[in-house]
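The values are calculated or read from the model by the stated rules, or taken from the named source; none is laboratory data. Note that this is a predicted model, so its numbers are computed, not measured. Every residue, glycine as well, gets a Cβ built from its backbone with ideal geometry; the counts of neighbours run over all protein chains shown.
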Protein chains: 2
Amino acid sequence: MKFGGTSVANEERIERAASLIVDEVRRGKQVAVVVSAMGKTTDDLLALAKGVNANAERRELDMLISTGEQVTASLLAMAVSAKGIPANSFTGWQAGLQTESVHGNARIENVEPKKVNKILESGGVAVITGFQGIDQEGELTTLGRGGSDTSAVAIAIALEASCCDIYTDVEGVFTTDPRVISDARKLLEISYDEMLELANLGAGVLHPRAIEFAKNHNLTLRVRPAHVDGAGTVIKEEIELENNLIVRGVAFENEIVRITVMYDVPYNGSLANVFTKLAEHHINVDIIVQTIMEGEQPSVSFSIKNEDFAEAVNVLEMNKHELGYRRADFEVGLAKVSIVGSGMVSNPGVAAKMFDTLRNASVPIKMVSTSEIKISVVIPGSDTEKAVAVLHKEFSLANVY
Amino acid sequence: MKFGGTSVANEERIERAASLIVDEVRRGKQVAVVVSAMGKTTDDLLALAKGVNANAERRELDMLISTGEQVTASLLAMAVSAKGIPANSFTGWQAGLQTESVHGNARIENVEPKKVNKILESGGVAVITGFQGIDQEGELTTLGRGGSDTSAVAIAIALEASCCDIYTDVEGVFTTDPRVISDARKLLEISYDEMLELANLGAGVLHPRAIEFAKNHNLTLRVRPAHVDGAGTVIKEEIELENNLIVRGVAFENEIVRITVMYDVPYNGSLANVFTKLAEHHINVDIIVQTIMEGEQPSVSFSIKNEDFAEAVNVLEMNKHELGYRRADFEVGLAKVSIVGSGMVSNPGVAAKMFDTLRNASVPIKMVSTSEIKISVVIPGSDTEKAVAVLHKEFSLANVY
């Protein structure tokens with residue numbers, strides 16, 4: 001059972017999490033729990049750090065922020081214990097979560113949960129700090145944002161758990177964001193690959209690395225609400241297609257910028273150079289559209305997040321000579337809307353249906369990107385809600401039970 | 001260098017501590033630092049714990065409160081680093097501070113500061129969490145209130161440090177509490193034994209266990225102000241008697257209760273039984289006065305702290321039959337005033353001078369207790385300030401330079 005920051009944000013929610021844990025134990029389950037830091041603790045700690053050193057070492061930031069989960073873990077263990085079930089908390093290193101020697105974004109290398117197994121075998125509950133581990137030198141490391149999901153999955157795999165329940169502040173995985181589309185429906189099941197696309201597309205319920213990890217070890221995940229009773233959404237390999245839905249979710253993301261870089265004819269370099277340069281500056285490029293038609297000016301367009309825009313423009317400016325382009329232009333205030341579904345691969349015409357639907361709603365398409373189970377379009381940000389609504393309707397997502 | 005909670009209570013004070021550390025490094029010193037939790041952090045964490053479990057296990061409380069020092073240590077390391085001196089923070093276990101397997105009040109068994117030595121040798125600063133260690137099972141332990149002083153001394157000894165500077169919110173060790181007696185003077189030097197008496201007497205500048213530890217290893221301590229420049233007070237074995245002062249400090253403590261237990265004649269049991277019983281209930285008895293005069297009713301009087309009063313009365317009531325006493329009475333609202341000085345042992349008449357001084361000031365003496373370097377009296381709490389003032393004057397303490 002993994003509880004995210006909002007599910008343990010205060011005393012009352014910690015009590016609620018403890019009740020959910022005790023219920024599982026009373027049902028005869030052995031329970032290991034992974035927790036995030038309470039509410040905004042991590043941000044508060046980072047603000048403290050900024051106050052004393054704007055460029056603090058990642059090692060020291062790891063020392064600082066890893067305290068957040070330790071506070072939650074001990075409080076939750078106390079709360080479980082108060083309900084009559086023995087419980088102990090463990091730091092990442094006490095739980096045997098070993099990572100590579102990278103601070104701030106370490107990958108898990110191995111989990112040796114000896115202490116955890118010991119308490120589980122004695123009938124008690126283990127409450128483990130998510131998000132953190134230890135490297136071979138005995139240094140504390142953290143796994144990066146969303147790392148608690150990954151901790152939970154890694155520990156579940158090491159414990160040979162039958163299931164990993166991710167408790168969160170939503171009722172499960174929805175066909176689209178219910179805050180935007182009132183017809184949005186909760187899915188009973190979703191495949192790892194579909195969930196991966198939704199996670200990467202900003203649905204934000206679950207960290208992609210955690211889903212990949214679960215997929216590789218065929219561990220069943222459940223996204224469940226912590227604040228109300230509810231079965232949530234099961235994430236596993238083979239799913240039954242509810243109502244034969246081909247498309248199972250519409251994801252969207254605002255604050256997208258398109259940049260187009262144009263070259264003179266003839267151009268002798270590689271259009272990829274621009275992406276190498278952007279990657280060196282840790283700018284994440286999403287959709288890429290490249291056109292090289294004979295006799296025409298070659299150009300490459302790509303989308304990035306708004307927050308990276310200033311830096312990207314700077315990188316392009318600084319390296320204009322080296323990159324050898326003639327000019328670059330950009331369009332801000334865009335959005336990305338995507339439809340996701342494993343059934344797409346065996347159902348041709350889904351893309352055409354998507355484009356038709358958007359055209360009929362007068363939504364212009366700026367860029368397109370496709371994978372086997374996903375089609376993404378970049379559109380004006382002002383059209384996002386309309387586009388999601390018509391796609392959600394067209395692909396019958398409101399009919400999911 | 002050890003910084004207490006008030007000396008690292010906020011960003012500004014952490015900056016100040018960092019400056020003091022960097023100054024020492026620039027003077028060519030290798031510096032290891034031990035820190036407490038910021039301000040009231042430990043109390044805040046304990047309040048959180050109480051919210052979820054009023055009877056939380058000590059193990060879990062240790063997991064919880066040990067985060068406090070980790071936050072300070074990482075922030076202080078960042079602050080030092082921002083001033084151009086490399087610095088890393090270490091938890092108690094990373095610094096190799098091994099304790100017995102007791103939660104909440106563990107004693108240090110061994111210190112193996114490999115990681116600390118490594119960074120010191122490379123010219124960097126080690127910032128270590130005080131108050132905490134690890135037992136042989138890999139469980140986190142804490143040393144009890146004031147344990148950061150003990151951590152600092154233990155680590156200084158393990159590092160073969162030339163000196164251990166305890167930075168605090170006072171300017172040093174005073175002849176008495178300057179908040180009460182404006183004539184109070186800071187001492188340049190004080191012996192371990194004198195400091196031990198003052199620490200035990202509630203002067204509260206330094207934890208007694210830390211002083212004993214330093215005495216046993218002949219480690220020079222300095223109590224220094226963190227908030228202003230100042231040499232503080234040196235604590236070591238052999239001290240020069242400033243101005244040939246026989247008495248070097250007047251300590252006092254309010255909120256004292258006297259309990260007297262009276263027995264019938266003849267009484268066949270041991271008067272010590274009452275103390276065994278109180279000790280079983282963790283009630284700390286301070287001064288004991290016992291009178292067994294032939295033909296008279298035997299009685300025993302003792303002083304305890306006000307906070308233990310209700311429990312002590314309860315213990316006496318519950319065990320009246322077993323203890324075999326006739327009746328008990330008590331007097332609340334008392335205070336203990338003590339004069340301390342190594343020179344006393346070779347200067348007879350100090351006690352008489354003390355009693356005379358108090359009698360001339362019309363301060364009644366309820367109980368007396370003496371050691372080689374200390375005389376304590378129990379008096380009415382309303383007379384505390386007057387008693388301290390006349391003793392401070394009589395023993396020329398205001399003349400210390």
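For every residue, the table says whether it meets (1) assigned to a helix (DSSP H, G or I); (2) without any contact (Cβ under 8 Å) to a residue 24 or more places away in the chain; (3) out of contact with any strand residue (DSSP E or B) (no Cβ under 6 Å at 6 or more places or on another chain); (4) more than 10 Å from chain A (Cβ to nearest Cβ).
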| position | (1), (2), (3), (4) |
| --- | --- |
| B:Asp23 | yes, yes, yes, yes |
| B:Gln30 | no, no, yes, yes |
| B:Leu46 | yes, yes, yes, yes |
| B:Ala73 | yes, no, no, no |
#### Entry: Enumeration of residues in the range B:298-356 that are β-branched (Val, Ile, Thr), in contact (Cβ under 8 Å) with a residue 60 or more places away in the chain and closer than 20 Å to B:Ser371 by Cα
B:Val337, B:Ile339, B:Val340, B:Val350
### Task
Specify which of the listed residues (A:Lys305, A:Lys320) is closer than 25 Å to A:Lys277 by Cβ and loosely packed, with under 15 Cβ neighbours inside 10 Å.
A:Lys320
### Query
Which one of A:Thr220, A:Thr233 is surrounded by 13 or more Cβ atoms within 10 Å (Cβ to Cβ), of a type in the set (S, T, N, Q) and either touching a residue at least 60 places away in the same chain (Cβ under 8 Å) or in contact with a helix residue (DSSP H, G or I) (Cβ under 6 Å, 6 or more places away or on another chain) (or both)?
A:Thr233
### Summary
Subset of the range A:301-318, residues over 16 Å from A:Asn254 (Cβ atoms) and not in a strand (DSSP E or B), comes to A:Ala310, A:Glu311, A:Ala312, A:Val313, A:Asn314, A:Val315, A:Leu316, A:Glu317, A:Met318
### Query
Any idea how many residues of the range A:82-95 are within 7 Å of chain B (Cβ to nearest Cβ) and surrounded by fewer than 24 Cβ atoms within 10 Å (Cβ to Cβ)?
1
### Task
Tell me, yes or no, whether the range A:139-154 has at least one residue that is among the aliphatic types (A, V, I, L, M), surrounded by 18 or more Cβ atoms within 10 Å (Cβ to Cβ), within 14 Å of chain B (Cβ to nearest Cβ) and closer than 21 Å to A:Thr99 by Cα.
yes
### Message
Here is a check on your reading of the model: is A:Ala56 of a type in the set (A, V, I, L, M), under 20 Å from B:Val71 (Cα atoms), outside any helix (DSSP H, G or I) and in the same structural domain as A:Asp149 (by TED's automatic domain parsing)?
### Response
yes
### Output for the range B:171-190, where each listed residue is among the polar types (S, T, N, Q) and buried (at least 22 other Cβ atoms within 10 Å of the Cβ)
B:Thr175, B:Thr176
### Query
Any residue at all in the range B:260-270 that is modelled with pLDDT of 90 or more and within 25 Å of the chain's Cα centre (by Cα)?
no
### Task
Might you let me know whether the range A:85-98 holds any residue that is part of a loop (DSSP other than H, G, I, E, B) and modelled with pLDDT under 95?
no
### Task
Kindly establish whether A:Ile128 is within 22 Å of the chain's Cα centre (by Cα), within 12 Å of chain B (Cβ to nearest Cβ), under 23 Å from A:Thr220 (Cβ atoms) and not acidic (Asp, Glu).
yes
### Message
Yes or no: the range A:80-99 includes at least one residue that is without any contact (Cβ under 8 Å) to a residue 60 or more places away in the chain, touching a helix residue (DSSP H, G or I) at 6+ places or on another chain (Cβ under 6 Å) and more than 24 Å from A:Cys163 (Cα to Cα).
### Response
no
### Query
Quick one: is A:Thr233 modelled with pLDDT of 90 or more, in contact with a Cys (Cβ under 8 Å, 6 or more places away or on another chain) and among the hydroxyl-bearing types (Ser, Thr, Tyr)?
no
### Query
In the range B:32-44, how many residues are more than 13 Å from chain A (Cβ to nearest Cβ), touching a Gly at 6+ places or on another chain (Cβ under 6 Å) and part of a loop (DSSP other than H, G, I, E, B)?
1
#### Entry: Count - residues of the range A:31-46 that are in contact with a helix residue (DSSP H, G or I) (Cβ under 9 Å, 6 or more places away or on another chain), surrounded by fewer than 19 Cβ atoms within 10 Å (Cβ to Cβ) and of a type outside the set (A, V, I, L, M, F, W, C)
3
### Task
Can you confirm whether the range A:103-115 contains a residue that is more than 19 Å from A:Ile157 (Cβ to Cβ), surrounded by fewer than 24 Cβ atoms within 10 Å (Cβ to Cβ), more than 10 Å from chain B (Cβ to nearest Cβ) and of a type in the set (A, V, I, L, M, F, W, C)?
no
### Count - residues of the range B:136-186 that are of a type in the set (Val, Ile, Thr) and without any contact (Cβ under 8 Å) to a residue 12 or more places away in the chain
0
## Note on the structure
Taking first residues from the range A:104-123 that are part of a helix (DSSP H, G or I) and second residues anywhere that are of a type in the set (Val, Ile, Thr), the pairs with Cβ under 7 Å that are 6 or more apart or on different chains are A:Val116/A:Ile128
### Message
So, in the range B:3-21, how many residues would count as being modelled with pLDDT under 95 and within 14 Å of chain A (Cβ to nearest Cβ)?
### Response
0
### Query
Which pairs do you get when a residue that is at the interface with another protein chain (Cβ under 7 Å from one of its Cβ atoms) and within 15 Å of B:Pro86 (Cβ to Cβ), found in the range A:52-63, comes within reach of a residue that is part of a loop (DSSP other than H, G, I, E, B) and not basic (Lys, Arg), reach meaning Cβ atoms under 6 angstrom, with the pair 6+ apart or on two chains?
A:Arg59/A:His103
### Summary
Note on the range A:267-278: residues loosely packed, with under 13 Cβ neighbours inside 10 Å and part of a helix (DSSP H, G or I) are A:Thr276
### Summary
Result of the Cβ filter at 7 Å on the range A:368-381, keeping first residues that are farther than 16 Å from A:Glu255 by Cβ and partners that are among the hydroxyl-bearing types (Ser, Thr, Tyr) and outside any strand (DSSP E or B), at least 6 apart or interchain, is A:Ile373/A:Ser342
